[in-house]
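Bear in mind that the values in this text are calculations on the coordinates, not laboratory data. Just so we're clear, the structure is a prediction, and the values are computed from it rather than from any experiment. Backbone-built Cβ (ideal geometry, glycine too); neighbour counts: all protein chains shown.
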Amino acid sequence: MTAPPGAPAAAAAPAARATLADVDWASKNYLVVDDFIGIRQLLRESLRNLGAKNIDQASSGGEAMALLSRIRYDVVLCDYNLGEGKNGQQVLEEARVHQLLLPSSVWLMVSAEKSMESVIGAAEHQPDAYLIKPITEGVLLTRLNRVWHKKQVFRMIDLAYGEKDYLRAAALCDAQIDVDQVHHIELLRMKAHLMLKSGEPDKAREAYERVVAEREYQWARSGLAKIRMTNGEYEQARQIFQGVIAENRYYIDAYDQLAATHQLMGQLEEASKVLERAAKLSPNSVLRQRSLGQVCLKLGKLPMAEKAFRKCIAIGEYSVMKSADAYLGLARVCGQKNEVKEALALLQAVQKEFAGDELIGLRAKITEGLVYHESGDYRRARKAGDELEALLNADPARPAVAVCLDMATLLLAVGVKEAPVELLCYVARNNHDNSVLLDEVQRIFDKARMGEEGIALIRDAKKQATDLMNQGVLLWRSGKLQEAIEWMRHARLTLPNNMRILFNAAQIQLSHMQQSGYEAALGAETAEVLLQIDRIGPGQQRFAQLMEQLARLVPATAVATPVTTTAT
């Protein structure tokens, strides 16, 4: 993994000093991807003149993915437009998601596309260079040589990163910074990223501030804003992101982060406007179009929601980010426009396209009921509601928060009360400190003409969760660690998806082992609590920090399995 998009260009001095002869190009593996055979042959000959011997070719995105899944390439030259199927941007995106590239691999995106949206869209997926056709052999070899030498600076750091040993990777950054002034800014950027992955936001802030003290790079300022956003300092984060955009209206990540900040502040109208601007600049992001569609659907801005969902489906056809949410969202739009036939066709399509997702059937049934209700077919809506109520009664497990909210909305709309009220209270108890989500729960009560009752229910749910958590924390601070552990086990059984309770339970168990020594059974239990947190909300900074604490407690002779994580 090299530095994220928007990093300062590598200094030319070392690259200029490094010659083509400095690298054993003959030993490298190469992949050339282009749908035109003539272009592939030209690029192959240029590489041969460099000394390359092991050169594979692919004429489509699908063929490229098949090769990438079998062979680790040192250099990939990939055209942006590849005809039918995946384009070059989607190939790069999928290769990164599935980690099919070596840490030191070089990816050169090659294209005749000069439009701003194509260049920005490709840059979002971090190619090492973007070359505009026609390309002379001299330009190709010079850029390849320059990028290759830059990538080697990060090679050992990337290897540690790939092993999820973020602290070792950060230490390698520090060691490299001491001897490499040319790349020290990029190394500081990498260190900040690693500190965030390690659950050390204060150290990440120090790295970003060190960069900003030298020069106000937009990515460093955005990094500081993301830390503020994570800490709940939404207004400060919003101001920084807006300042970055004012200075560079093509810095797309700042738009996405600004929109996320607005949503955390409950400002959906502002979020939709920011996402709309970003989608105009770089329209080929599945995730951005999905977010735009979802926000606009909540606001009742049906034309914009429909446009975003249709675009999301179209560009997601060959993308690893293909989204069921776009199909379900578009079905809701069609239902509100009384286009029931298309809505039902979309629900059939989503169940076929995402057959491996066990939640899709449930989500499709909820959406079907909402479509019938919003189009005025109350009999079929009630039938769908009855089926969902039966499912809730048969299975005590509850789905994800967004699914619970949609299900409660439908059930209340068709006249069911007990089951949806229980669902909404479940959501409130498990998210008692999330004010934006609790406001959304209250709006569902308001829409069902249960506003006053909803206020009381949410207040009671928050008190139940707070009392459960506080009792465990009080026992912990009183030094009654074993009692605190037992109490938090009870709290976890009562509220299995409450992040605050889970975090505190893990912290109390870690404190006990730090004082009394590592216990294999308790260590495994703590790891499972942390993995439950990661399943509910991937990427939590405190999660990475507690996992590091647990890993330090495990004796070298112990089996490492209990602390294995798939955190992203």
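Only lysines eight or more places from residue 203 in sequence, or on another chain, were considered; those with a Cα closer than 19 Å are 164, 191, 226. A simple spin-label model places pseudo-atoms 7 Å from Cα toward Cβ; at residue 178 and residue 464 they are separated by 5.6 nm.
On the basis of the beta-carbon distance and an R0 of 56 Å, residue 345 and residue 542 show a calculated FRET efficiency of 0.80. The alpha carbons of the range 80-154 stretch over 34, 32, 19 Å along the principal axes, in descending order. Taking only the C-alpha atoms of the range 12-153, Rg followed by Dmax gives 14.0, 42 Å. Once the Cα atoms are used to define both axes, helix 234-247 deviates from the longest principal axis of the chain by about 30 degrees. For the chain, the longest principal axis of the C-alpha atoms and the axis of helix 37-50 are separated by about 60°. Each eigenvalue of the Cα gyration tensor of the range 61-108, multiplied by 5 and square-rooted, gives one semi-axis; in descending order these are 17, 11, 9 Å. Report summary: the helix-based calculation at 222 nm, which adds -39500 (n - 2.57) for every DSSP H run with n ≥ 4 and divides by the residues of the chain, gives -22000 deg cm²/dmol.
Based on C-alpha pairs under 8 angstrom that are at least 6 apart in sequence, the chain has a relative contact order of 8 percent.
Summarising the label geometry, the points placed 7 Å from Cα in the beta-carbon direction at residue 250 and residue 477 lie 5.3 nm from one another.
Stokes-Einstein D for the range 253-380 at 25 °C, 0.890 mPa s, Kirkwood Rh over Cα pairs, in µm²/s? For the chosen part, D equals 166 µm²/s.
Per residue, the convex hull spanned by the alpha carbons of the range 476-563 comes to 88 Å³. Phi angles of the range 393-402 translate, via the Karplus equation with coefficients 6.51, -1.76, 1.60 and θ = phi - 60°, into HN-Hα couplings of 5, 7, 10, x, 5, 10, x, 4, 4, 4 Hz per residue; Gly and Pro are given as x. Annotation: lysines with alpha-carbon distance below 16 angstrom to residue 133 (same-chain offsets under eight excluded): 114.
Once the Cα atoms are used to define both axes, helix 268-281 deviates from the longest principal axis of the chain by about 20 degrees. Peptides 228-239, 402-413 ranked from most to least packed by the mean count of surrounding Cβ atoms within 10 Å: 402-413, 228-239. In terms of distances greater than 28 angstrom between alpha carbons, the cross-link table entries 197/365; 311/352; 151/322 yield 197/365; 151/322.
Phi-derived couplings, Karplus 6.51 cos²θ - 1.76 cosθ + 1.60 at θ = phi - 60°, listed residue by residue for the range 80-88: 6, 9, 10, x, 5, x, 5, 8, x Hz, with x used for Gly and Pro.
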